[in-house]
Amino acid sequence: MSVADKPEKPERLLKSLGSSVSRRSLLGGAALALGGAALAACSTSTNGGNVNAATGDSLLKTIQSRGTLNVTTSLLYPPEFYKDTNGKPAGYDIDLLNMLASDLKVKLNIIDVPDNAGNIANVQSGKADLVSAGLVNTPARSLVLNFTRGYVPYTQVVIVPVSGGANSVNDLNQAGKKITALQASTAFFRAQLLFPKATVIPLAQDEALLDVATGKADACLIEIYLATPFIAQHSNVKLMNNGQAVATEFGCWGINAGDYLFWLYLNNWIAYNTDNAQIPGMYKKTIGLDWVQPS
Amino acid sequence: MSVADKPEKPERLLKSLGSSVSRRSLLGGAALALGGAALAACSTSTNGGNVNAATGDSLLKTIQSRGTLNVTTSLLYPPEFYKDTNGKPAGYDIDLLNMLASDLKVKLNIIDVPDNAGNIANVQSGKADLVSAGLVNTPARSLVLNFTRGYVPYTQVVIVPVSGGANSVNDLNQAGKKITALQASTAFFRAQLLFPKATVIPLAQDEALLDVATGKADACLIEIYLATPFIAQHSNVKLMNNGQAVATEFGCWGINAGDYLFWLYLNNWIAYNTDNAQIPGMYKKTIGLDWVQPS
Amino acid sequence: MSVADKPEKPERLLKSLGSSVSRRSLLGGAALALGGAALAACSTSTNGGNVNAATGDSLLKTIQSRGTLNVTTSLLYPPEFYKDTNGKPAGYDIDLLNMLASDLKVKLNIIDVPDNAGNIANVQSGKADLVSAGLVNTPARSLVLNFTRGYVPYTQVVIVPVSGGANSVNDLNQAGKKITALQASTAFFRAQLLFPKATVIPLAQDEALLDVATGKADACLIEIYLATPFIAQHSNVKLMNNGQAVATEFGCWGINAGDYLFWLYLNNWIAYNTDNAQIPGMYKKTIGLDWVQPS
């Protein structure tokens, strides 16, 4: 019933990790949730979402003549998208969208809804031109929307002991090595794929982390936003390879299916601003992490 | 008369290299062959292959309502695509296609034909929705089909002597250096491009390899599936730079031209599963080589 | 009034740098200039440039049946595009276009105009099928044309003192460090983004460079084609990290908007020839720089 094709992030755990976890850590949950309502709306669409092929029209022209770019998001998750102290939209996504609107020579209009079911419904109804909410381009979602290339990386890293810890995936992919990961998560399935010769142990997230700190496991595969605060509190563990990603999902902009001209404009915009270091620089500045290049 | 734009792989040579050469080494030949029949069918097509632009229809919708994904391939080349001991389709491509069909919530139907002329004819006639047969996206073929981004890398590497061998393309690109490559092959033309200051010597494949083992040449540029078994039998040669690719061609999925929605869905699927390490992990596990990122 | 969204390259400065500056250094200016005439033509277009969506036709078919590929460029800027001593089109772009025409089995017809306003007007009027003039895919231009992926990198690098100079962006991003860049240029804005903790000083280009040579600044962010001749004349400065790009813009082919089949063919052509080392090899051979991979 849902286009979420992996488990929600464990929001309760985040609280247990304490105040060093930024509110951004809640982002994943929202970004992955997608209600059945939006999907149902799509599957009863008479044109399968391919709204523009017949006429050759594109939202790109509509936006320019309208003079406004309508974007739907959920202003709940700093530093990516939230309300500043004056109640105005702020964050990494908003900064990018202001650049985009400026390049289109139009005003930016942010439509704020609490979840991705609402975000996707807003795109499908035409209320919004695009959704910018860290939505990962999963296969299930891409039956509903068309996605641009990634504008925000969400990376998975490996935590190892500071003393004697492994240096590479190959070091860990050995018989007898123990790798922990959140049970039933994509990290768990990915760990099985990356470490077929090792023993991959599904655990609750806090156990998965603590087993490395207490020497019960050799490594834990985990998203970087959870790894960072844990390491800050446990000096005997570190990121393997200085935190190099072993897997990355990307948040992408989503638009209605079939609008080739709008898709190409947005894709070109992201490519241009990625290569010229603009987007990686903004990501580093606001999110605090190094950019990861999409494939 | 053919869409093969480089010489077929030397299948006879493969036999001379002995039993350590897997049957996969034959793959290249099949993947590169494309009969004149398929091309002729295309060039007489009234719509130039652009079957969907007028109506906005997409095979993506047809596949979902049909409940079956029809894929044409040639089940002759393990470990990429072959029949298992029970006669069922198996291999790297089949594993990916099962994931794809699962994401589309449809059944996978494999259509097995012996060569790429048949594979391409199956796509053009509508018998198959896509071809998954390690087809390289050559310019000639892309006049006939539309290709996704690569899902399987075929890499060219350099063989050098273990003792005193070069460490880089720059080391080899010096006056007086001798580089061998299969005569009239893309490897030969690529060697001329990569080593303009060196002497590039076209030879039969076995001579090209043996000249490095016997000290007559400084290096040989060759596809990795041929290099690996030769090195296994000749301990005085090795892969330069631990086998880092100096050039890579990618096998891609091919579909009928003009179906933007189907193309974008497949392209997004491959991008998502490449970034998140799923496809690179499956490639490493089944093919035994490290993934190479497409541009 | 112009689709140039960053300042023109300082052509006057180039003269002051002396004869070691190749005429190619003028390329940037032409590549970035785009007259208001072309834009006006576009904005009054009744179909927004989306010339093919309604009928499903593609220039790809027209070119094949016509037997000629019409390309507009400005033959003024060696080594990228110029007239050889016999007055014939020559250079990196021309070499690529000859390969492209050969793959399409058609003749190459070069249309030579002095500036990009003319180049873009030629594409929009249908006189040319594509523009190959190092045109960067800026957001403003991509409202007028559709761009392929990049076929020619233009990179920005950092100049540092030979003795005691910084080794990385992080080394330079420290309070008290002084970074120079051409005032009001993209390099200046990029420097502010890359070095938020340092002091970024906008100067005339020659001052920006000389301040590093005279020890007044720690680094200068600059395009590599300007850096190379300056370093040749000032032995106490060098490229940081052997000239690794800190930002890259790419010259792209431009076509009329909405022609999905032509766009996909060209994009596939560049991807295929990039991965297989053909384009990077030609770039190294003719331009003399290492290839930079687009995102």
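The values are calculated or read from the model by the stated rules, or taken from the named source; none is laboratory data. The structure presented is a predicted model; accordingly, all values stated were derived computationally and were not measured. Please note: Cβ atoms are built from the backbone with ideal geometry, for glycine as well, and neighbour counts cover all protein chains shown. Keep in mind that these areas ignore ligands, DNA and RNA; they rest on the heavy atoms of the full protein, side chains included. Shrake-Rupley method; radii C 1.70, N 1.55, O 1.52, S 1.80 Å.
Key figures for this structure:
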| quantity | calculated |
| --- | --- |
| Cα-based Lys proximity count in segment B:125-238, under 18 Å, for pairs eight or more positions apart or on separate chains | 8 |
| Nm distances between copies for C:Lys88, ranked from closest, using label points 7 Å along Cα→Cβ | 6.1, 6.1 |
| Highest to lowest packing among B:131-144, B:181-194, scored as the average C-beta count within 10 Å | B:131-144, B:181-194 |
| Reduction of at least 50 Å² in accessible surface, 1.4 Å probe, comparing all protein chains with the chain by itself, residues of segment C:242-266 | C:Tyr260, C:Leu261, C:Trp263, C:Leu264, C:Tyr265 |
| Principal axes of segment A:125-273: Cα extent on each, largest first, Å | 53, 26, 25 |
| Under 5 Å, built H, 5+ apart or other chain: amide partners of C:Asn276 | B:Thr248 |
| Dipole of segment B:171-227 [Lys/Arg +1, Asp/Glu -1 at C-beta], most positive-end residue of B:Ile201, B:Gly176, B:Ala227 | B:Gly176 |
| Listed residue pairs exceeding 21 Å between alpha carbons, taken from C:Lys61/C:Lys107; C:Lys105/C:Lys284; C:Lys61/C:Lys83 | C:Lys105/C:Lys284; C:Lys61/C:Lys83 |
| Per residue accessible area in Å² of segment B:64-159, where ligands, DNA and RNA are left out and the probe is 1.4 Å | 32 |
| Amide H contacts of C:Ile201 (H built 1.01 Å from N, under 5 Å, at least 5 apart or other chain) | C:Ile179, C:Thr180, C:Ala181 |
| In Hz, Karplus ³J(HN,Hα) per residue of segment A:154-160 (6.51, -1.76, 1.60; θ = phi - 60°; x = Gly, Pro) | 10, 10, 9, 10, 10, 9, 9 |
| Given charges at beta-carbon only (K, R positive; D, E negative), |dipole| of segment B:55-158 in Debye | 240 |
| Charge tally in the Cβ shell below 14 Å around C:Ile179, where Lys, Arg are +1 and Asp, Glu are -1, C:Ile179 excluded | +1 |
| Table column - 3J(HN,Hα) (Hz), segment B:172-181, Karplus curve with 6.51, -1.76, 1.60, x for Gly and Pro | 7, 7, 9, 4, x, 6, 10, 10, 9, 6 |
| Radius 11 Å from Cβ of B:Leu96, net charge of other residues (Lys, Arg +1; Asp, Glu -1) | -4 |
| Summed buried accessible surface, chains A and B, 1.4 Å probe, nearest 100 Å² | 2300 |
| Solvent-accessible heavy-atom area per residue, rounded to whole Å², over segment B:193-295 at 1.4 Å | 34 |
| Whole-Hz couplings from phi, Karplus 6.51/-1.76/1.60, listed for segment C:76-81; x for Gly and Pro | 10, 10, x, x, 7, 7 |
| Computed Rg/Rh of segment B:85-197, alpha carbon atoms with Kirkwood Rh | 1.12 |
| Under-5 Å amide H pairs with C:Ala257, H placed in peptide plane, nonlocal only | C:Val51, C:Asn146 |
| Carbon and sulfur %, accessible surface of segment C:132-216 computed with the full protein complex present, 1.4 Å | 51 |
| Mean-position separation - Cα centroids, segment C:151-183 and segment A:160-201, in angstrom | 39 |
